[in-house]
Amino acid sequence: MKLPQERPALIDAFSAYIRLERGLSQRTAVAYTGDLDDFARFLDKGRDEAKLVKADLGDARRYVMTLMGQRKYSAAAVRRRIASLRAFFKYLKRTGRRSDDPLSDFKPPKEPKTLPKVLTEREVAKLLAAKVHTDDEFLYARDHAMLELLYAAGIRVAELVGLDTADIDRERRTVRVTGKGNKQRMTLINKTAVRALNRWLAVRPPSQTDALFVGKSGNRLTTRMVQYMFRALKKAAGIERYASPHTLRHSFATHLLEHGADLVVIKELLGHENLSTTQIYTNVSLEHIRQTYDDAHPRDKNT
């Protein structure tokens, strides 16, 4: 009969530390403890506390290789295990059990890149034509102006709610956007977005804030409010698959690329620092074209 393996007392002490001193949840503590149990077994069947304390970067690398190779763990699962080990070695250093942190510079495997989700031009048209709050000109004009601006300029939701009225030049059809890291850029909007903005600004109430988009209280909108608005319009448009306000940014870039826009121009409009970030839309565009082809070609529909 095989006797149950003993857990090093050090793991229990670490579990108590992250719950009581770091304030992590019981669920997180259990997960971290399970990860350390597994690492300890990998080192020496889980019974030698000294080996656990003296484990080095090479041990961690071999453990990760085992997880990714022999056990076929996903990158996300491996990253969670590494997070547990990092927290443990920081604890050892903090409590004086060792003088160094062998995992301080250990980089976990990157998450596989997934292509951004985009809406078709037909779906975007349905979304922009959706009617919600038709009996309330304030809400109707504001919400449609926000939606048109998101798609026309390809801006992020945080950038949208951060806009002031002075950031919009309707005559030149330009928008001054404050992006990540408080970096400013100029982007463009189309005539449809200008008309929507004109309708909104005609009913926008006087406010103590300079915000372009405000609620009925006169306060600047939050990103959560925009997300709530988007869900209502998406439902009204009959779009059942996943989409968020950020999907309009991806759709903006993809549709421009499909209609012949230069990738460098799209990069500047999106506010990307590196062209490599924008190049993902070339893959999205190809996949988007393929999906549209498969959905529309009559030969596949008749077989």
>> For L67, only one of the following conditions fails: (1) in contact (Cβ under 8 Å) with a residue 40 or more places away in the chain; (2) more than 24 Å from E21 (Cβ to Cβ). What is its number?
In response: (1)
> Considering only segment 147-169, how many residues are surrounded by 15 or more Cβ atoms within 10 Å (Cβ to Cβ) and of a type in the set (D, E)?
Replying inline: 3
> Which residues, counting only those in segment 170-194, are touching a residue at least 24 places away in the same chain (Cβ under 8 Å) and surrounded by 12 or more Cβ atoms within 10 Å (Cβ to Cβ)?
Replying inline: R170, V175, V177, G179, R185, T187, L188, I189, N190, T192, A193, V194
> Just a yes or no: is a residue in segment 272-287 touching a helix residue (DSSP H, G or I) at 6+ places or on another chain (Cβ under 6 Å) and either outside any helix (DSSP H, G or I) or modelled with pLDDT of 95 or more (or both)?
Replying inline: yes
> F89 passes all but one of (1) in contact (Cβ under 8 Å) with a residue 40 or more places away in the chain; (2) surrounded by 17 or more Cβ atoms within 10 Å (Cβ to Cβ); which number fails?
Replying inline: (1)
> Mind checking which residues of segment 224-265 are part of a loop (DSSP other than H, G, I, E, B), surrounded by 14 or more Cβ atoms within 10 Å (Cβ to Cβ) and touching a Lys or Arg at 6+ places or on another chain (Cβ under 7 Å)?
Replying inline: I239, A243
> Which of the residues that make up segment 3-42 are hydroxyl-bearing (S, T, Y) and either touching an Asp or Glu at 6+ places or on another chain (Cβ under 7 Å) or within 12 Å of Y91 (Cα to Cα) (or both)?
Replying inline: S15, Y17
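The values are calculated or read from the model by the stated rules, or taken from the named source; none is laboratory data. Bear in mind that the values here come from a model prediction, so they are computed numbers and not experimental data. Neighbour counts run over all protein chains shown; Cβ positions are idealised from the backbone, glycine included.
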